[in-house]
Amino acid sequence: MSTLKKKLKEIIKTIDDLYLNKDILDVAEDTLLKELGIDSLGRINLFYGIIDHFGIEVDEKIASEWKTLGDVLDFIEDL
Amino acid sequence: MKKLTVMNVAQQEFWKMPHTFIDAIYETFPDWKIQVITSLESEIEHIKDAHAIISSPFSASLVRGNKNLEWVHLLSAQVPLSWQKLQNQYMVTNSSATRDAVAEHALYLALKGLRGEKSYQDKSWNQEHFRISKVASECRLGIVGFGNIGERISTITNPIFQEIRFLTNRSFSPDGTIHYNYEQMKDFFEGLDVMILATNHSVRSAEIFHQKDFFEYLPPDIIMVNIARGEIFEEKDLFDFFHRHPNAFYLTDVTYPEPYPKDGLLYQLPNGYISPHIGGKFNTLWSKLEKELRVLLKDRK
């Protein structure tokens, strides 16, 4: 999981208009995205940052199901 | 009928679109279906199917999947990075209405730095609130960025400073100024007293300001004014430089994020000053934006 977190942190650095109020390396996977400062619009930003990084096409609706950091990490792991 | 979505989603009263501005949109686009939204989160579907959007800056991610979108007009001096990357796909225009106000705010911050005002804590007659000042006519001013705002800054500062120099990728600069390209950065900083960052936040500027050499070139007593973007620097690098160089001074109207949090690193700098992104906020802004909209977008009807 720590490798995935590092990967996600690298991706987040490349996303414009996405600011996290905590370092994801310092928080548990069950941390809610809203605790990290990611609202519904931030989720969309994050989603497209991830799929652009991997160069894939996925339905944006998946992002609406993300509640925790772990949900995002699972998504990346499954790619 | 084409759909134009107008995003009137600002929280602060000043930044909410006045009815005169919205009326101007209806008058300019009589043959369009106009949808004014006031909540981004609950009305996002009107961004996803719009043929055109008028808005303050927002992330370009929100229009992904919109197959109708033809153009976007942003009410801001800069095109955000996320939109710069998509300018081949859509026509993206931005506003120059804030040019004079932002340039004057940059001058205000530069003079504040020169006059040596420290963080002003209380109403008291205390000369310790000020460092020993410098006189602009004996100082060299460097402007990074030669756009509308950079050019306007050079016009209003030219009578005051000893020398004006530009750091720019253009091969020329206004009369009476000296220009350097980005490969000549070391020469640009040689003997510089005041620096105003008026450059676009872009992939290119990020490369320049994130390189380690950048802070090594800065004079140790530089007065740096940032009216560009907060994320132009890695904040830790910025903090480290001004922490190690107490005779330098950082004055900024922009931070990352905005609003800047109370526990933000830059608030720990005794030689730092932050104004809350007010450079472009002035009394006739909305009437200027309205006039500009009628001219800039008249061919988009």
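Results, tabulated for the structure shown:
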| read-out | value |
| --- | --- |
| Subset of region B:256-272 [more than 14 Å from chain A (Cβ to nearest Cβ), open to solvent by 30 Å² or more (accessible area, probe 1.4 Å) and in contact (Cβ under 8 Å) with a residue 12 or more places away in the chain] | B:GLN268, B:PRO270 |
| Condition met for B:ALA97 (open to solvent by less than 60 Å² (accessible area, probe 1.4 Å), of a type in the set (A, V, I, L, M), in a helix (DSSP H, G or I) and away from every other protein chain (no Cβ under 14 Å)) | no |
| Filtered residues of region B:62-79 (kept if more than 18 Å from the chain's Cα centre (by Cα) and within 14 Å of chain A (Cβ to nearest Cβ)) | B:LEU62, B:VAL63, B:ARG64, B:GLY65, B:ASN66, B:LYS67 |
| Identity of the residue in region A:37-57, open to solvent by 60 Å² or more (accessible area, probe 1.4 Å) and of a type in the set (D, E, K, R), that ends up nearest to B:TYR260 (Cα to Cα) | A:ASP39 |
| Residues satisfying the stated conditions in region A:23-47, i.e. within 14 Å of another protein chain (Cβ to nearest Cβ) and charged (D, E, K, R) | A:ASP23, A:LYS34, A:ASP39, A:ARG43 |
| Count of residues meeting criterion [out of contact with any His (no Cβ under 7 Å at 6 or more places or on another chain) and either of a type in the set (Val, Ile, Thr) or crowded, with 20+ Cβ neighbours inside 10 Å (or both)] in region B:222-240 | 8 |
| Unmet criterion (only one of (1) acidic (Asp, Glu); (2) open to solvent by 30 Å² or more (accessible area, probe 1.4 Å); (3) touching a helix residue (DSSP H, G or I) at 6+ places or on another chain (Cβ under 7 Å)) for B:ASP253 | (2) |
| Cβ-Cβ under 8 Å pairs, at least 6 apart or on other chains, region A:48-65 side within 9 Å of chain B (Cβ to nearest Cβ) and within 14 Å of B:VAL63 (Cα to Cα), far side charged (D, E, K, R) and not in a helix (DSSP H, G or I) | A:TYR48/B:ARG64; A:GLU60/B:ARG64 |
| Which listed residue, of A:LYS34, A:LYS22, A:LYS9, is open to solvent by 50 Å² or more (accessible area, probe 1.4 Å), closer than 26 Å to B:PRO57 by Cβ and under 9 Å from the mean Cα position of the chain (by Cα) | A:LYS9 |
| All positions within region B:130-152 that are touching a strand residue (DSSP E or B) at 6+ places or on another chain (Cβ under 7 Å) and either more than 20 Å from B:PRO219 (Cβ to Cβ) or in a helix (DSSP H, G or I) (or both) | B:PHE130, B:PHE146, B:GLY150 |
| Count - residues of region B:1-40 that are of a type in the set (Lys, Arg) and over 19 Å from B:HIS51 (Cα atoms) | 1 |
| Sole residue being within 14 Å of chain A (Cβ to nearest Cβ), out of contact with any Phe, Trp or Tyr (no Cβ under 6 Å at 6 or more places or on another chain) and open to solvent by 60 Å² or more (accessible area, probe 1.4 Å), chosen from B:SER59, B:SER42, B:SER55, B:SER82 | B:SER42 |
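Results for (1) modelled with pLDDT of 95 or more; (2) more than 30 Å from B:MET91 (Cα to Cα), shown as yes or no for each residue.
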| site | (1), (2) |
| --- | --- |
| B:PHE233 | no, no |
| B:ASP237 | no, yes |
| B:PHE249 | yes, yes |
| B:LYS262 | no, yes |
| B:PRO270 | no, yes |
| B:LEU285 | yes, no |
| B:ARG294 | no, no |
| B:LYS301 | no, no |
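The values are calculated or read from the model by the stated rules, or taken from the named source; none is laboratory data. It should be emphasised that the depicted structure is a prediction, and the values quoted were computed from it without experimental measurement. Here Cβ is always computed from backbone atoms with ideal geometry, including for glycine, and neighbour counts include all displayed protein chains. For the accessible areas, the whole protein counts, side chains as well, though only heavy atoms, and no ligand, DNA or RNA atoms are used. Shrake-Rupley method; radii C 1.70, N 1.55, O 1.52, S 1.80 Å.
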